[in-house]
Structure formats: structure tokens, C-alpha cells
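Chemist: Sharing a structure with you now.
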Amino acid sequence: MSQLPIVKSLEELEIMRSPGKIVGDALRLVESLIAPGVSTLELDQAVEAFILERRGTPAFKGYPSAVKGVAPFPSSICASINEEVVHGIPSAERILKNNDLISIDIGVAKDGFFGDAARTFAVGKPGRKTQRLLETGIKALEEATSFMRPGVPLSRISRAIQDCAEAKKYSVVKKFVGHGIGRAMHEPPQVPNFVSRSFTMRNIVMEVGMVLAIEPMINAGGEDVVVLEDGWTTVTRDRMPSVHFENSIAVGPEGPIILTA
Ligand code: MG
């Protein structure tokens with residue numbers, strides 16, 4: 001696969017608002033449902049019904065694993081609690097309780113294009129430490145978004161995220177990266193949450209029509225993550241909590257256009 005970013009026309013950006021809006025609205029729906037006693041399966045079912053009602057397709061359900069022998073992702077949302085970083089599988093047995101942190105990631109296809117976004121929510125009123133971690137994740141995404149302008153090097157996004165996390169003595173996950181998005185959920189280029197010479201992104205400069213899913217994953221402890229036996233659920237190695245904030249964002253003529261707001 002070419003590593004060059006796929007640039008969309010302004011007409012295509014308009015079409016991409018449609019799956020993006022469903023994702024954004026579905027995340028608001030999840031936020032309204034989160035409470036102690038609710039299972040992650042209930043959240044999944046509510047979101048799936050919502051996406052279908054809006055004539056979208058849940059993009060994660062049936063998504064193939066890159067690892068041989070691992071079954072495709074079975075659900076419409078990823079629901080990752082506390083030390084789970086990403087790709088948690090919804091279950092009737094996973095019941096939310098006070099002081100949990102839950103990261104919800106949603107992907108939708110509609111009209112030939114994809115939208116992808118994630119938020120981390122606190123169950124109940126978050127404590128000071130949790131609040132600080134959440135605020136850092138939000139700030140990392142906001143700062144990264146502010147650099148999505150024509151003429152800015154792609155690596156500026158990575159640096160913004162890494163700086164936000166490390167300023168608070170947190171770490172960024174390196175195993176998973178942000179990505180281009182459009183007619184496929186994952187398109188080039190990769191957008192790491194850290195600055196790295198080994199990524200071909202280093203020479204890419206943003207231009208109007210690039211659409212990126214920017215997704216800081218910030219760990220309270222160390223950067224290392226482990227994939228559990230189900231082949232999907234990814235946890236921090238030190239079992240410290242993690243947050244995940246993501247939007248699909250277009251580089252518009254006047255700056256960033258958040259498609260999944
Ligand atoms: Mg993504």
C-alpha cells in the first residue's frame with residue numbers, strides 16, 4: 001500500500017460529514033447512558049440500533065484481526081474499562097461501577113465513507129487524579145487538531161500529543177497510531193502519537209482534503225501494552241488506567257473541520 005495520504009475533494013469532505021455525524025451523535029448517546037449498573041453490552045446494543053436507524057453501518061463489527069487465528073471483532077463499539085486501552089469487547093458481564101473510566105470507540109460507514117471517533121468517560125464523579133488524566137487526553141486531541149492546517153508538517157500533530165502527555169508525566173501508547181480515513185476506515189498515512197523517524201510520515205505536509213483520525217491514547221503509567229487472550233482487548237502492562245480521545249478531522253481551506261464532533 002502506498003504511504004501517501006489520500007486527498008479528498010471538497011465534495012467528498014461534505015459526504016464524509018454524514019458518517020461523522022452519526023459517530024458523534026452515537027458518542028453523545030453513550031454518554032447519556034453511562035451509569036453504574038449498566039453493562040457494556042447494553043451500550044453496544046443501543047449504539048448498534050442507533051447507527052442502523054440512521055442508515056449507517058457499524059464499521060467495527062466483523063472487522064478482521066491482523067493476527068492469524070483471531071476471530072473478527074464481534075461488536076459495534078469498543079468498550080475499554082480502566083486499564084484497558086482499546087478494543088475491549090462489550091459483554092453482559094462487564095458492569096460499570098462508580099469510579100470506572102470507560103473508553104468508547106465507534107466507527108460508522110455511510111454513503112461510501114467512514115467516520116471513527118472515541119471518548120473516555122468517567123462513571124460517577126471522577127476523582128482529582130482521574131480528572132487530570134481525562135483533561136490531558138482532551139487537551140492532547142484539541143492541540144493536535146489545532147495544527148491540522150494546510151502547510152503544517154504531519155509530525156507537528158504527533159509532537160503536540162506527546163508533549164501534552166509527557167508534560168504531565170504520562171506516557172503515550174506507541175503500539176497503535178492514528179490514521180487517514182475516507183473510503184476505508186484505515187488509510188495512509190499513519191499518525192503516531194509520538195515523534196518517530198521510523199515513520200514515513202516525517203516528510204508529509206498537510207494539504208486541503210486530507211482527513212485523519214487523530215487518536216491520542218494516554219497512559220497514567222508506562223507506555224507498554226499487552227493484548228489479552230481474546231486477541232483484541234489491549235491493557236496497560238502495569239494495569240494503570242488509560243484514556244483515548246479520537247476524532248475524524250479534515251484539513252479544510254481555513255483549518256480543521258471536525259467531522260465527528
Ligand atoms: Mg481510529
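The values are calculated or read from the model by the stated rules, or taken from the named source; none is laboratory data. Predicted model only: the values in this text are computed from it and were never measured. Quick reminder, even Gly has a Cβ in these numbers, built from the backbone with ideal geometry, and neighbours come from all protein chains shown. The area values use the complete protein model at the heavy-atom level, side chains included, leaving out ligands, DNA and RNA. Shrake-Rupley method; radii C 1.70, N 1.55, O 1.52, S 1.80 Å.
Chemist: On the full set of protein chains, 1.4 Å probe, figure out the accessible area of K8 and give it in Å² to the nearest 10.
Modeler: In the full protein context, K8 sits at about 10 Å².
Chemist: Taking the mean number of other Cβ atoms within 10 Å as a proxy for protection, how do you rank 66-75, 212-221, 53-62 from highest to lowest?
Modeler: Output ranking for 66-75, 212-221, 53-62: 212-221, 53-62, 66-75.
Chemist: Expressed as a whole percentage, what fraction of the accessible surface of the chain belongs to carbon and sulfur atoms when a 1.4 Å probe is rolled over the protein heavy atoms?
Modeler: About 53 percent, which is the carbon plus sulfur part of the accessible surface.
Chemist: Sticking with this one: On a full-extension model of 0.36 nm per residue, what is the gain between A261 and A35, subtracting their alpha-carbon distance, rounded to one decimal in nm?
Modeler: 79.1 nm
Chemist: Mean residue ellipticity at 222 nm from the helices of the chain, using -39,500 (n - 2.57) per DSSP H segment of n ≥ 4 over the full residue count, to the nearest 500 deg cm²/dmol?
Modeler: The per-residue figure over the chain is -9000 deg cm²/dmol.
Chemist: Please give the Cα centre distance for segment 144-181 versus segment 15-82, rounded to the nearest Å.
Modeler: Cα centroid to Cα centroid, the span is 24 Å.
Chemist: Then there is this: Between A71 and V152, what is the label-point separation in nm under the 7 Å Cα-to-beta-carbon projection?
Modeler: Going by the 7 Å Cα→Cβ label model, 4.2 nm.
Chemist: Points 7 angstrom from Cα along the Cβ direction at V205 and R183: gap in nanometres?
Modeler: 2.7
Chemist: Give me the one-decimal Kirkwood hydrodynamic radius in Å for segment 10-258, with the sum taken over alpha-carbon pairs.
Modeler: Taking the inverse mean of 1/r over all distinct Cα pairs, segment 10-258 comes out at 18.0 Å.
Chemist: Turning to a different aspect of this structure: I'd like the accessible area for D163, computed on protein heavy atoms only with a 1.4 Å probe and all protein chains in place. Round to 10 Å², please.
Modeler: Counting only protein heavy atoms, D163 exposes about 80 Å² to solvent.
Chemist: At 0.36 nm per residue, minus the direct Cα-Cα distance, what do E14 and E93 gain on full extension? Give it in nm, one decimal, please.
Modeler: 24.4 nm
Chemist: Which of K68/K97; K61/K125; K139/K169; K139/K175; K68/K174; K129/K174 have a Cα-Cα distance over 25 Å?
Modeler: From the list (K68/K97; K61/K125; K139/K169; K139/K175; K68/K174; K129/K174), the Cα-Cα distance tops 25 Å for K68/K97; K61/K125.
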